[in-house]
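The structure appears below as structure tokens.
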Amino acid sequence: MNDMCWEDIMHKAISMGYRSHQTNTCGLHIHVNRDSLGDNREEQDEVISRILYFVEHHWNELLKFSRRSEYSINRWAARYGYEHSPKAILDKAKKGNNGRYAAINLMNYTTIEFRLFRGTLKYNTFLAALQLVNRICDMAVYSSDDGISKVSWSDFVSGVTEPELIQYLKERTLFVNDDVSASDDI
């Protein structure tokens, strides 16, 4: 997040006429290295199952965060469907026929891909998406199956400390807050 000149890249793209958010064909896909989720495939699958559980359990909030329409998310980033345990969702995902067009794409060998988000050239929105993915992954790494099943959306956002993510959550009314004004996405 800090090693790339993302803000400069976005300004350059805007100056060149790129639109991202203002199209129906652009998504923001964030890849997470599987090695960051555990020391071996078994540990990684346990963490991935909790990520999938969190995404399914908080689908409505994540859909709102994503800025995608229902049609768009169903076409480009479909859900696997809610199950009562992380393992059951992972089993369903492994048998699923979404291919790479899943909210959390598991088709890559070395990464998992968060495909939830609509494209953006707005720097704060981009950072907020990275920070959200990082927070979801951290929660899945450090929680048990039982622990993740008890996390409400309010619990999840109450621990957010990143100013960009807090601002974005407030703009999308996903954070208990005072009213804030939002600028348009690009």
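The values are calculated or read from the model by the stated rules, or taken from the named source; none is laboratory data. Note that the structure is predicted; figures quoted are calculated from it, not measured. Cβ coordinates were reconstructed from backbone atoms using ideal geometry, including for glycine residues, and neighbour counts include every protein chain displayed. Note: areas computed on protein heavy atoms with side chains; ligands, DNA, RNA excluded. Shrake-Rupley method; radii C 1.70, N 1.55, O 1.52, S 1.80 Å.
Under Stokes-Einstein, with the Kirkwood radius over Cα pairs as Rh, the value for the chain at 37 °C and 0.692 mPa s is 193 µm²/s. Scanning residues 5 or more positions from residue 78 or on other chains, those with amide H under 5 Å from its amide H are 102, 103, with H placed 1.01 Å from N in the peptide plane. Straight Cα distances below 24 angstrom link residue 170 to the lysines 64, 122, 150, with same-chain residues fewer than 8 positions distant left out. Carbon and sulfur together cover what percent of the accessible area of the chain at a 1.4 Å probe radius? Answer for the chain is 48 percent, counting heavy atoms of protein chains only. Taking a straight Cα-Cα cut-off under 19 Å and skipping sequence neighbours fewer than 8 places away in the same chain, the lysines within cross-link reach of residue 95 are 87.
One way to sum up the overall shape of the stretch 1-40 is the equivalent ellipsoid from its Cα gyration tensor, whose semi-axes run 29, 15, 5 Å, largest first.
The simple Förster model, with R0 at 22 Å and r as the Cβ-Cβ distance, assigns residue 60 and residue 92 a FRET efficiency of 0.70. Take the chain with all the other protein chains still there, run a 1.4 Å probe, and you get 54 Å² of accessible area per residue. Heavy-atom accessible area for residue 5, with the other protein chains in place and a 1.4 Å probe, reaches approximately 70 Å².
Remark: accessible surface ordering of 11, 29, 21, 58 (largest first) is 11, 29, 21, 58, probe radius 1.4 Å. Annotation: amide H-H contacts under 5 Å for residue 28 (H modelled 1.01 Å from N, sequence separation of 5 or more, or interchain): 117, 118, 119. Here the sum of -39500 (n - 2.57) over DSSP H runs of 4 or more residues, divided by the residues of the chain, equals -14500 deg cm²/dmol at 222 nm, to the nearest 500. Normalised by the number of residues in the stretch 1-121, the mean separation of alpha-carbon contacts (under 8 Å, six or more apart) gives a relative contact order of 38 percent.
Using alpha carbons only, the radius of gyration of the stretch 70-162 set against its Kirkwood radius gives Rg/Rh = 0.96. For the pair residue 110 and residue 15, label points projected 7 Å from Cα toward Cβ lie 3.3 nm apart.
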